[in-house]
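To keep things clear, I will list the structure first and then write my remarks on it.
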Amino acid sequence: MEQLLLEPKAKTPLVHFDNKTGVMFLKGMSCSENSLEFYKPVLDWVERYGKSPLESTILNIEFKYFNTSSAKCILDVLEKFANIYNMGNNVVFNWHYEKNDEEMLEAGENFSEILGIPFNISEIEAI
Amino acid sequence: MDIHKKMQHNSISLTFKGTLTFELIDSIVAIISNRLDQIESNLVIKKKVYGVMLECLQNLCFHVEKINEEDYSPHFDQQSTLFNIDSDEKGYHITTGNFVAKEKMENLKNWLDEINSLSEQEIKELYNKILRNKNYSEKGTGGLGFVDMAKKAGKLKYKIDAIDDKYEFFAFNLNIPKPIA
């Protein structure tokens with residue numbers, strides 16, 4: 001299994017999921033009109049990773065903005081990592097939001113509540 | 001109105017009427033986004049305007065009526081959509097307009113009325129309920145668009161105008177107020 005690297009574009013985020021280190025990045029904009037198509041390989045990758053995850057996984061999420069069709073897909077990705085966590089593995093969810101971005105702060109709190117998993121939510125200067 | 005007011009140095013004004021494509025949306029969003037970076041220092045407001053604009057435009061593009069040639073009206077360009085954004089000292093105003101088949105309008109109207117009847121807290125709960133369901137339309141949309149707009153901009157104002165026996169015109173308006181200085 002190889003790492004997943006999708007370079008960021010104007011409407012899609014950076015996805016860098018590294019199965020050698022267990023450090024995962026999901027970062028930037030997610031506002032494609034075709035989110036399902038973009039997130040399909042991402043979901044497939046996490047599904048495969050979940051079959052034999054590393055002892056420790058760190059998921060770093062930094063969204064500048066996501067549209068509503070991405071919101072469902074992002075929840076799907078987070079659920080896959082939540083499954084890994086719920087199987088007794090160590091998964092850390094780091095949710096970063098841009099300074100003063102109340103909406104992204106709330107989104108992080110919301111996802112954490114839906115999944116029933118604590119997130120480390122912190123403000124950063126800029127995304 | 002006084003047209004010269006549109007020339008205020010910190011305002012936005014853009015109107016589009018025509019056949020909307022996702023490529024065009026990218027251009028419109030880029031233009032407005034650049035302008036917002038210049039004139040709006042409040043990040044929360046800026047992101048609300050950006051988000052509402054994008055959801056409105058993507059919604060229009062997904063749901064514009066595909067009209068049969070024999071049904072073309074001699075009076076209206078029914079494949080076209082209208083999008084307008086402008087701002088004044090009170091806030092940002094987004095207006096859209098498109099033709100909707102009569103049989104679909106009832107559902108649309110009921111959906112908007114339902115959202116408009118909810119409190120802020122209930123809108124958040126509805127958003128989460130839809131977020132958690134795994135349903136997507138054939139077009140890949142998740143049914144969150146209007147709920148998200150209501151979360152960001154409050155009341156979803158609309159007006160339905162009669163056109164002919166098959167279509168009605170749906171005018172939609174959202175306002176994002178600027179904080180009182």
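Would you tell me the mean number of C-beta atoms belonging to other protein chains that fall within 10 Å of each C-beta in A:68-81, as a whole number?
Per residue, the average neighbour count from other chains is 4.
Positive-end ranking of A:His16, A:Val92, A:Ala71 along the dipole of chain A, with charges on Cβ about the Cα centre, is headed by A:His16. Beta bridges per DSSP, both residues in the protein assembly as shown: antiparallel share near 65 percent. Heavy-atom surface analysis with a 1.4 Å probe gives the stretch B:39-181 a carbon and sulfur content of 51 percent of its accessible area. Projected label points at B:Asp37 and B:Asn107, each 7 Å from Cα along the beta carbon direction, are separated by 3.9 nanometres. Only protein heavy atoms count here; under a 1.4 Å probe, B:Asp86 has an accessible surface of about 40 Å².
Whenever you get a sec, compute what percent of the accessible area on chain A sits on carbon and sulfur atoms (1.4 Å probe). Of all accessible area on chain A, carbon and sulfur atoms account for 50 percent.
Across chain B, C-alpha contacts under 8 Å between residues 6 or more apart give a mean separation that, scaled by the residue count, equals a relative contact order of 24 percent. Karplus-derived 3J(HN,Hα) values for the stretch A:97-110, using 6.51 cos²θ - 1.76 cosθ + 1.60 with θ = phi - 60°, are 10, 5, 3, 6, 7, 4, 5, 6, 4, 4, 4, x, 4, 5 Hz; glycine and proline are entered as x. Considering only alpha-carbon pairs that sit under 8 angstrom and 6 or more positions apart, the relative contact order computed for the stretch B:83-145 is 16 percent. Normalised per residue, the accessible area of the stretch B:3-177 is 53 Å², obtained with a 1.4 Å probe and no contribution from ligands, DNA or RNA. Each helix, a run of at least 4 DSSP H residues, gives -39500 (n - 2.57); summed and divided by the residues of chain A, these come to -12500 deg cm²/dmol at 222 nm. Computed over the Cα atoms of the stretch A:1-119, pair by distinct pair, the Kirkwood hydrodynamic radius stands at 14.3 angstrom. Summarising the amide proton neighbourhood of A:Val91: residues at separation of 5 or more, or on other chains, whose placed amide H is nearer than 5 Å comprise A:Thr57. Take each residue of peptide A:36-43, count the partner chain Cβ atoms within 10 Å of its Cβ, and average: the result is 1.
When only Cα pairs below 8 angstrom with a gap of at least 6 residues are kept, the stretch B:108-181 shows a relative contact order of 23 percent.
Our helix-only sum for chain B, with -39,500 (n - 2.57) per DSSP H run of n ≥ 4 divided by its residues, gives a mean residue ellipticity at 222 nm of -14000 deg cm²/dmol.
The coefficient of translational diffusion for the protein assembly as shown, derived via Stokes-Einstein from the alpha carbon Kirkwood radius under 10 °C and 1.306 mPa s, stands at 76 µm²/s. Measuring against 21 Å, Cα to Cα, the residue pairs A:Lys72/B:Lys124; B:Lys17/B:Lys48; A:Lys20/A:Lys80 contain B:Lys17/B:Lys48 as the ones spanning a longer distance. For the pair B:Leu118 and B:Phe62, a Förster radius of 22 Å applied to the C-beta separation gives a FRET efficiency near 0.40, rounded to the nearest 0.05.
Measuring against 29 Å, Cα to Cα, the residue pairs A:Lys51/B:Lys152; B:Lys102/B:Lys178; A:Lys11/B:Lys5; B:Lys5/B:Lys152; B:Lys66/B:Lys109; A:Lys11/A:Lys99 contain A:Lys51/B:Lys152; B:Lys102/B:Lys178; A:Lys11/B:Lys5 as the ones spanning a longer distance.
How much length is gained if the chain between B:His9 and B:Gln79 is pulled fully straight, taking 0.36 nm per residue apart and subtracting their Cα-Cα distance, in nm to one decimal?
Full extension from B:His9 to B:Gln79 adds 21.8 nm.
When the Gaussian network model of chain B links Cα atoms closer than 10 Å, the mean-square fluctuations of B:Glu23, B:Glu55, B:Glu89 top out at B:Glu23.
For A:Ser56, B:Ser73, the ranking by accessible surface with the largest value first comes to A:Ser56, B:Ser73, using a 1.4 Å probe. If one takes the accessible area of chain A alone plus chain B alone and subtracts that of the pair, with a 1.4 Å probe, what total in Å², rounded to the nearest 100, results? Result for this pair: about 2400 Å² buried. Between B:Ile32, B:Ile130, B:Ile115, the residue with the greatest mean-square fluctuation in the GNM of chain B (Cα pairs under 10 Å linked by springs) is B:Ile130.
For the stretch A:64-106 versus the stretch B:164-181, the spacing of their alpha-carbon centroids is 32 Å.
The values are calculated or read from the model by the stated rules, or taken from the named source; none is laboratory data. Because the structure is a prediction, the values reported are computed rather than measured. For neighbour counting, all protein chains shown are included, and Cβ atoms are generated from backbone atoms with ideal geometry for every residue, glycine included. Side chains included, ligands, DNA and RNA excluded: accessible areas come from the protein's heavy atoms. Shrake-Rupley method; radii C 1.70, N 1.55, O 1.52, S 1.80 Å.
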